[in-house]
């Protein structure tokens, strides 16, 4: 039977219906994305308490200049204005989720900046990544998608 080809066609209404439900789930992931957004928002907010980046590294300490101007010794936290503004939203096409802050200085804190490029700064600001996906977040996201597709 070398080279022979066998084709089996399954015409089963229940199988077709389940495949259609699965395709519908894949095409409309908004429920899963909302759950992922909540998870990422919460894990990002926790980073302000642990003062760590998504990869687990510690944030650079506050400089002596910063310490003299702040009432709190906690990094990236004076009044909680940055950490308290972390939110998620679905992308316009509802096929993704974005997490961030509406604070104008959020990007400077995330990526850092130099006084040479930004003369209004007290000094150079090291990058202190608070946005991103940690290894634990990645595992949770995969679990959410597994549960989501399993419910189809």
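The values are calculated or read from the model by the stated rules, or taken from the named source; none is laboratory data. All figures in this text were calculated on a predicted structure; none of them were measured in a lab. Here the Cβ is made from the backbone with ideal geometry for all residues, glycine too, and neighbour counts use every protein chain on show.
Observations on the structure shown:
- Per-region count, segment 109-120, residues out of contact with any strand residue (DSSP E or B) (no Cβ under 6 Å at 6 or more places or on another chain) and either in contact (Cβ under 8 Å) with a residue 12 or more places away in the chain or buried (at least 17 other Cβ atoms within 10 Å of the Cβ) (or both): 3
- Once segment 79-115 is narrowed to residues that are modelled with pLDDT under 90 and in contact with a helix residue (DSSP H, G or I) (Cβ under 9 Å, 6 or more places away or on another chain), the residue that is nearest to residue 46 (Cα to Cα) is 80.
- Of everything in segment 81-105 that is surrounded by 15 or more Cβ atoms within 10 Å (Cβ to Cβ) and under 15 Å from the mean Cα position of the chain (by Cα), the residue that is farthest from residue 60 (Cα to Cα) is 90.
- Scanning segment 49-78 for residues that are buried (at least 16 other Cβ atoms within 10 Å of the Cβ), at negative phi and modelled with pLDDT of 95 or more turns up 52, 53, 54, 59.
- Residue 63, sole failed condition from (1) over 21 Å from the mean Cα position of the chain (by Cα); (2) over 21 Å from residue 144 (Cα atoms); (3) without any contact (Cβ under 8 Å) to a residue 60 or more places away in the chain: (3)
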